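Okay, structure first, notes after.
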Amino acid sequence: MKATLQRVAGTLALFAAIGVANAQAPPSCRLDAEGGSAVATTVRLAMNAYKALGKQLPFDEVIVNPEEIPRAANSLIVYVVTDASIGAVGKDGCIVNRPALISGDEIDLISVRGGCSASAGKIEVRCSSEAVQMFGRQGDRPGLANPALLYVLAHELGHILQRRPGEYAGRVEAIDLNQSQSAKLEALRESCEPGLTKAEEDADSLAVQVLAMLLPDPPYRETLFSPRGSVLWGADQLNLAANSWRKTSLEREFISLPKPHKSFVPTEFPTPLRIVQANAKKFVCEVLTRKSGVINYPGRATSHPSLEVRIQRVAEALRSTAAGLPKTGAQQEYRSVAVLQEQLSDIFTFIYRENGAYLEAVQSEVCTRVNGDDPTDGCSKRKR
């Protein structure tokens, strides 16, 4: 069991990065009409949910893949862009060689790195065609929609509501141990500023509210399962899609996600406070006393909460929604599968919750120590 928890926690402790949209409109030859239609449908559902929540977005129409930028101030512009490697495109930005994505070649500037992103200066969302296909994938179940795409787009709409850029990126921060102790201490203290993550957390909170409102009903209602099981399955779909996209983007961009410091990987759930405190102390001591190498720190990155915390909050919110829904109503011939699915969802929800709680607890202890009178108190090496 301990090894299983470590593997799950290690997987959850990996992070993905989302790029910011380019300033210029992409050429029409790179626009994906089918993906644009899927995004537009999902955005309209999310837009109506925002209205029902009393959140008025600064647009009332959605324009997909326009060849010319509309001048209307009340329009959301959505581009779904086909990604391509530099070696596969011509001077005009169109794809001239196949395959469009070449192994070992960097993707070009028109491509959308990481999924979807909201623009700061205008009401615009750009998505990678590949990401839309992956997050929107529903298999051979006609009439159903994948809640993963809804979550990603609802998050970006949250940024538009905030009038700030969407950079949906929880990531591991590399701390260079060659720096002076004072510089490393300052970096740790800066990571403890709660205001840095507020905008991202607010966007996530809005997205979760949209999910909780829409998942119990079509097109997200999976009749194979009971109403409760359908909502829980929605949470699992989101996580599965995120993992699939992370693997795909890593292969495409040849980036190896760094492993976090072992203090941030729990070995038992729930983790006793004494172990949390010991792990936080070990992390701070190693950062402040070691003089060479790099330590990967998955704390509160410059402006983003961690993926674990996000998954935790989604799972908790959807579990709360599911608790008020009936457990009956699964299709008779699939009843045993539906019951198994609900049980597995409970297990995953527990793991998401406990892993997120552990990360927050360790981060809190790290902040308590680095903001104390003597952060190196109790460290075996106290070199300054």
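What follows is calculated from the coordinates using simple rules that are stated; it is not laboratory data. All values derive from a computational prediction rather than experimental measurement.
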Practice problem: Would you mind telling me the antiparallel percentage of the DSSP bridges in the stretch 18-168, rounded to 5? | Solution: 40 percent
Quiz item: Using θ = phi - 60° and the Karplus form 6.51 cos²θ - 1.76 cosθ + 1.60, what ³J(HN,Hα) does each residue of the stretch 148-163 get, whole Hz, x for Gly and Pro?
Solution: 5, 5, 4, 5, 4, 6, 5, 5, 5, 5, x, 5, 5, 4, 7, 6
Quiz item: How much length is gained if the chain between residue 262 and residue 60 is pulled fully straight, taking 0.36 nm per residue apart and subtracting their Cα-Cα distance, in nm to one decimal?
Solution: 68.0 nm
Practice problem: Multiply the residue separation of residue 69 and residue 53 by 0.36 nm, subtract the distance between their alpha-carbon atoms, and state the gained length in nm to one decimal. | Solution: 2.8 nm
Quiz prompt | Longest to shortest principal axis, alpha-carbon extents of the stretch 18-168, angstrom | solution = 47, 39, 24
